């Protein structure tokens with residue numbers, strides 16, 4: 001992914017569907033395993049390209065870079081296995097990389113589309129995104145869209161809806177996809193362009209439906225974009241989902257292996273799924289401008305509001 005700073009995490013939930021996610025302080029593995037059928041995968045990861053994001057997806061699952069799958073990895077492949085990753089007892093897989101070598105020329109966008117979209121194959125058992133209880137996506141994004149692997153094909157939110165089959169927990173490491181609020185006034189001393197770093201300042205009275213997100217006075221409304229039923233047939237916030245989290249600002253990894261704290265929170269601290277936030281308040285995860293961790297102000301995914309992390 002492009003090297004951007006981390007700002008805030010905008011997290012949204014549909015209360016009726018997601019209250020069970022935060023109802024008790026239990027291990028995610030125990031909670032989820034009861035839901036998984038014999039042909040279901042517990043956790044899957046998918047990427048937008050065959051460069052940085054393919055490694056982040058692989059590390060999320062196995063703690064190792066994607067190139068380490070090669071029996072004889074090249075000298076640049078630094079095959080270190082990180083301590084924290086998906087539990088080995090869980091079934092897991094990285095989507096769209098099964099070939100040897102993987103087909104990086106193929107367009108996988110149809111496997112992101114809901115079945116109500118012509119050609120939509122999200123529920124496919126082979127390549128569909130709706131085929132695991134936990135889905136982790138890493139790739140480039142904007143408020144209304146993100147990229148499918150591997151050819152920068154745009155996936156608009158109006159075609160995207162997971163949960164009809166298996167997915168219940170959706171974590172999107174994608175710039176601005178959960179953007180909330182307005183960009184702050186530019187700081188002349190900063191090298192960064194204005195970004196959606198203040199979701200807590202959202203003003204619904206300033207929302208203009210169908211306004212282009214690139215306009216300077218755009219008020220991002222994550223609840224509208226994700227909660228809307230497009231064509232009255234599908235919503236990105238599918239009623240079967242228990243949790244959906246993602247970045248309001250432009251985001252990237254601030255450490256060599258930024259996803260390890262997700263599994264540290266789950267496997268060691270035993271946090272519930274709603275608290276497994278992608279950015280971390282510790283110094284090892286996703287970092288803000290100047291290399292400092294962006295610290296939270298008390299918000300959590302489970303509070304049905306935009307959270308700062």
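Readers should treat all values here as calculations from the given coordinates under stated rules, not as data from a laboratory. The model shown is predicted, which means the values in this text are computed figures rather than measured ones. Backbone-built Cβ (ideal geometry, glycine too); neighbour counts: all protein chains shown.
Some observations on this one:
- Here 167, 207, 97 are placed in order of increasing Cβ neighbour count within 10 Å, fewest first, which gives 207, 97, 167.
- Region 37-84 and region 159-237 have their alpha-carbon centroids 29 Å apart.
- Potential lengthening of the chain between residue 212 and residue 103 amounts to 35.8 nm, from the contour at 0.36 nm per residue minus the alpha-carbon distance.
- Computed extension gain for residue 154 through residue 69, at 0.36 nm per residue and net of the alpha carbon distance, reaches 27.8 nm.
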